[in-house]
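Contents: one structure, followed by commentary.
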Amino acid sequence: MYIDGIDIEVLRLKPEKTMSAKNTVLEVMKKEGTPLNAGRITEISGLDRKEVDKALKVLKDEELIVSPKRCYWEPKK
């Protein structure tokens, strides 16, 4: 089934993948203990850069991470 040209089945699968990536990114940040950029998170976690970027956006929107300096992120304290 399609809505506005988007396959609903794809939308159903994405949240699971994003949730897993989100949890992985958050765990990496907690273990490192210092602010990280997306490139470093990608290296440590082994996730694809696009997955990391999406996970960072979700974490930012949920206010679970903060940016102490441009392009670097750490878990909210």
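Quick look at the numbers
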quantity	calculated
Residues located in the stretch 43-75, provided they are part of a strand (DSSP E or B) and either polar (S, T, N, Q) or surrounded by fewer than 18 Cβ atoms within 10 Å (Cβ to Cβ) (or both)	VAL66, SER67, PRO68, LYS69, TYR72, GLU74, PRO75
The stretch 26-77: number of residues that are basic (Lys, Arg) and in contact (Cβ under 8 Å) with a residue 24 or more places away in the chain	3
In the stretch 15-42, residue modelled with the highest pLDDT [restricted to those that are surrounded by 11 or more Cβ atoms within 10 Å (Cβ to Cβ) and more than 23 Å from LYS77 (Cα to Cα)]	LYS17
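The values are calculated or read from the model by the stated rules, or taken from the named source; none is laboratory data. Just so you know, these numbers come straight off a predicted model, no measurement behind them. We place every Cβ from the backbone using ideal geometry, glycine too, and count neighbours over all the protein chains shown.
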